[in-house]
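The block underneath contains the structure these notes are about, expressed in structure tokens.
The values are calculated or read from the model by the stated rules, or taken from the named source; none is laboratory data. Keep in mind the model is a prediction, meaning the values are calculated, not measured. For neighbour counting, all protein chains shown are included, and Cβ atoms are generated from backbone atoms with ideal geometry for every residue, glycine included. Just the protein is used for accessible areas: all its heavy atoms, side chains included, with ligands, DNA and RNA removed. Shrake-Rupley method; radii C 1.70, N 1.55, O 1.52, S 1.80 Å.
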Amino acid sequence: MDLKDLYRDVILDHNRQPRNFGPIEADGAEVQHAEGHNPLCGDRLTVYVRLNGERVEDVRFVGSGCAISTASASLMTEAVKGKDRAAVARLFDRVHTLLTHADAEPDAQLGKLAALSGVREFPARVKCATLSWHTLNAALERGAATVSTE
Ligand code: ZN
């Protein structure tokens, strides 16, 4: 399967059936969240995280947006769950490089996130793909915040 097929299949699949969609119920444990907005496209997301020390124990999202923003958020939640903050930061670095460098090759550690390289063909949509990651960072850093890609 080449990257174009991977892009189409993964984005369609995760848009149609977003993983980890819905809020985290705050059953006594502390849940941090942040809202993200991409005014260029109209995407809006809220990302919820529950930390156990430095580790992302649970991560979920709600919101509405284009297929790329929804699929990217879904892929993000799958990729970061169970990782510690430092690993999440490294992964976002990789994803960001993949999205913004035309010659960046997806490495094996990216897994399904490699499909996001297809977004490079649509530079106006890169912010759709990074919105969930920026929103995750805000949720991790400040507990509750609103971020905008502008
Ligand atoms: Zn979008």
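Considering only Gly63, Ala114, Cys41, and ranking their Cα positions along the charge dipole of the chain that arises from unit charges at the beta-carbon of Lys, Arg, Asp and Glu, the one farthest toward the positive end is Cys41.
Please state the equivalent ellipsoid semi-axes for region 90-136: what are the square roots of 5 times the Cα gyration tensor eigenvalues, largest first, in whole Å?
They are 15, 14, 8 Å, listed from largest to smallest.
Here region 19-58 has an Rg and Dmax of 12.2, 37 Å, counting Cα atoms alone. Taking the Cα centre of region 68-150 as origin and assigning +1 to Lys and Arg Cβ atoms and -1 to Asp and Glu Cβ atoms, the resulting dipole is close to 220 debye. Spatially, region 1-66 and region 72-145 are offset by 11 Å when compared through their Cα centroids. The residues of the chain expose on average 50 square angstrom of accessible surface per residue, using a 1.4 Å probe on protein heavy atoms.
Hull volume per residue, based on the alpha-carbon atoms of region 1-105 and their convex hull, is 110 Å³. Net charge dipole, the chain: roughly 140 debye, given to the nearest 20, about the Cα centre with Cβ charges of +1 for Lys and Arg and -1 for Asp and Glu.
Hey, what did region 28-150 get for relative contact order, percent, Cα under 8 Å, at least 6 apart? Rounded, it is 37 percent for region 28-150.
Each helix, a run of at least 4 DSSP H residues, gives -39500 (n - 2.57); summed and divided by the residues of the chain, these come to -13500 deg cm²/dmol at 222 nm.
Which order do peptides 60-67, 126-133 fall in by mean Cβ count within 10 Å, highest first? Mind showing how you got there, number by number?
Values: 60-67: 18.9, 126-133: 24.8.
Ranking, from highest mean packing down: 126-133, 60-67.
By DSSP, the beta bridges lying fully in the chain are antiparallel in about 75 percent of cases. Pop out the carbon and sulfur fraction of the accessible area of the chain as a percent, whole number, probe 1.4 Å. Using a 1.4 Å probe with all protein chains present, the chain comes out at 48 percent carbon and sulfur. Using the alpha carbons alone, the radius of gyration of region 72-150 stands to its Kirkwood radius in an Rg to Rh ratio of 0.95.
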